[in-house]
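Data first, discussion second: the structure below is written as structure tokens.
The values are calculated or read from the model by the stated rules, or taken from the named source; none is laboratory data. This is a predicted model, so every value here is computed, not measured. Cβ atoms come from the backbone with ideal geometry, glycine included; neighbour counts cover every protein chain shown.
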Amino acid sequence: MSKKIPQPTARPRERAFLVGAEIHGRKQNLSLEDSLAELALLADTAGVEVIGELTQKLQRPNTETFIGPGKVAELKALAEETLAEVVIFDDELSPRHQRELEKALAPNIRVLDRTALILDIFAQHARTSEGMLQVELAQYEYNLPRLTRAWTHLERQAGGGGGRSGSSGGVGLRGPGETQLEVDKRAIRKRIAHIKKELEKVEAHRMRYRAQRKRSRIPTVALVGYTNAGKSTLLNHLSKSEVYVADQLFATLDPTTRRVELPGNDLALITDTVGFIQKLPTTLVAAFHATLEEISQADLLLHVVDISHPNALNQYQAVQETLKEIGADHIPAVTALNKLDQLHRPEAARETLKGFPKSIAISALQGSGIADLTQLIREELYESYTPIQAHLPYQQGALISLFHELGQVDLVEHQRGGVTIKGRIPGRLMAQFAPWLAKNGKVDAEEASVDEELFSEET
């Protein structure tokens with residue numbers, strides 16, 4: 001008789017209590033209830049079990065504990081009653097908020113905020129060396145101002161007051177806690193500087209790769225959208241490839257580019273990018289600069305919206321705001337209203353099309369609507385023309401030639417330092433001309449001259 005070998009048990013998930021605040025006058029795409037529901041999904045993606053939530057309406061955040069003292073006491077009681085191991089706030093907490101909350105709660109309860117939770121998910125999902133570097137940079141920059149919390153026990157051992165001895169008011173000697181803290185901060189700053197240098201190399205490589213793609217004259221399309229909208233599934237269907245897909249938030253972090261054939265044997269390079277989310281941490285936007293540049297340098301944006309989600313419009317607006325933040329809101333875009341197959345009434349999505357510019361209702365999973373979508377992409381890339389007026393330095397001879405070759409020229413004026421061209425160009429070329437576009441229909445001659453001088457220095 002053979003013995004049954006016991007299987008290792010799964011590690012129990014941490015128990016988390018969620019906290020959300022509705023702050024008077026603060027603009028937010030999602031309601032407090034919906035935002036907390038999204039936070040619960042983030043927690044689940046991070047491997048945390050949500051056991052309860054607490055909310056409060058505030059005129060402004062409390063300077064010490066974010067929520068009011070009464071709510072802190074209520075939170076402490078609830079956390080202890082439910083055996084919570086971590087409390088997660090739906091907003092980014094300042095280092096002081098985090099420190100005071102951990103003092104007020106039981107010693108065994110950690111306090112995290114939305115930013116720390118998203119960083120943890122990114123750390124779990126990063127696969128490439130570039131992605132890992134970007135996540136590590138964001139984590140260090142987030143944690144650096146919060147480092148003091150780890151050494152308060154040493155400061156207390158040194159007698160408090162930052163390790164100063166005596167009461168004469170002199171400088172005194174630093175205690176071991178402060179010394180260790182400074183050593184750690186210095187080491188982290190050194191590591192941040194090293195990571196930034198490594199990412200500069202990555203960015204230089206991306207620039208060379210983008211220049212190569214521009215020379216190939218194959219237009220680029222960036223897939224953008226709220227996290228879990230179905231971008232990777234759509235890319236797989238368009239390119240007949242096998243990009244990793246999972247029904248969870250931030251399943252894809254690293255950009256993936258595939259060559260796609262459009263109707264009429266035209267080609268496009270389509271890049272899947274990291275999903276957006278409301279309250280996207282600024283540390284992540286900065287750390288993922290090289291990746292997000294893939295979006296700002298694209299010829300066309302393909303905005304994928306989960307039409308089956310109750311907050312589809314709010315998610316769409318959150319993505320639009322992020323695109324504006326990274327300087328990509330000027331790029332032509334089409335919208336794919338995805339997950340048609342998950343609607344009880346698919347015709348409802350088609351009725352919704354009127355609310356989204358240049359949109360097609362699709363199911364990336366089943367393939368419905370894909371033919372119409374690829375036709376719309378082709379029209380935008382190869383048939384749609386956009387009015388433009390630009391002042392191009394003479395050193396930008398390639399762009400001047402490109403305008404004449406592929407655009408429709410209405411006016412050419414040779415001026416000091418460059419040439420002003422007015423006409424229409426294919427929408428996919430707008431990103432290349434963006435640095436030299438006229439403002440409000442007028443060319444800023446002084447600024448154009450500065451551009452020319454900078455270009456001369458770079459070359």
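Structure values in brief
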{"item": "The stretch 49-62 residues that are at negative phi, paired with ones that are small (Gly, Ala, Ser) (beta carbon under 6 Å, 6 or more apart)", "result": "Val50/Ala16; Val50/Ala40; Val50/Ala43; Thr55/Gly20; Gln56/Ala21; Leu58/Ala21; Asn62/Gly68"}
{"item": "Any chance Val221 is assigned by TED's automatic domain parsing to the domain that holds Asn314, modelled with pLDDT of 90 or more and surrounded by 13 or more Cβ atoms within 10 Å (Cβ to Cβ)", "result": "yes"}
{"item": "Every pair of residues 6+ apart whose Cβ atoms lie under 8 Å, when the first sits in the stretch 73-87 and is on the phi < 0 side of the Ramachandran plot while the second is basic (Lys, Arg) and surrounded by 13 or more Cβ atoms within 10 Å (Cβ to Cβ)", "result": "Thr82/Arg15; Ala84/Arg15; Glu85/Arg15; Glu85/Arg110; Val86/Arg15; Val86/Arg110; Val87/Arg110"}
{"item": "Residue that is modelled with the lowest pLDDT [pool: residues in the stretch 409-459 that are farther than 15 Å from Tyr394 by Cα and of a type in the set (S, T, N, Q)]", "result": "Asn440"}
{"item": "Condition check for Ala43: within 19 Å of Glu102 (Cβ to Cβ), assigned by TED's automatic domain parsing to the domain that holds Ala104 and not in a loop (DSSP other than H, G, I, E, B)", "result": "yes"}
{"item": "Residue in the stretch 358-367 that is outside the structural domain of Val260 (by TED's automatic domain parsing) and in contact (Cβ under 8 Å) with a residue 24 or more places away in the chain present", "result": "no"}
{"item": "The stretch 82-115: number of residues that are in a loop (DSSP other than H, G, I, E, B) and within 19 Å of Gln139 (Cα to Cα)", "result": "5"}
{"item": "Count of residues meeting criterion [touching a residue at least 24 places away in the same chain (Cβ under 8 Å), under 9 Å from the mean Cα position of the chain (by Cα) and part of a helix (DSSP H, G or I)] in the stretch 257-285", "result": "2"}
{"item": "Matching residues, the stretch 22-55, being over 18 Å from Thr115 (Cβ atoms) and of a type in the set (Lys, Arg)", "result": "Lys27"}
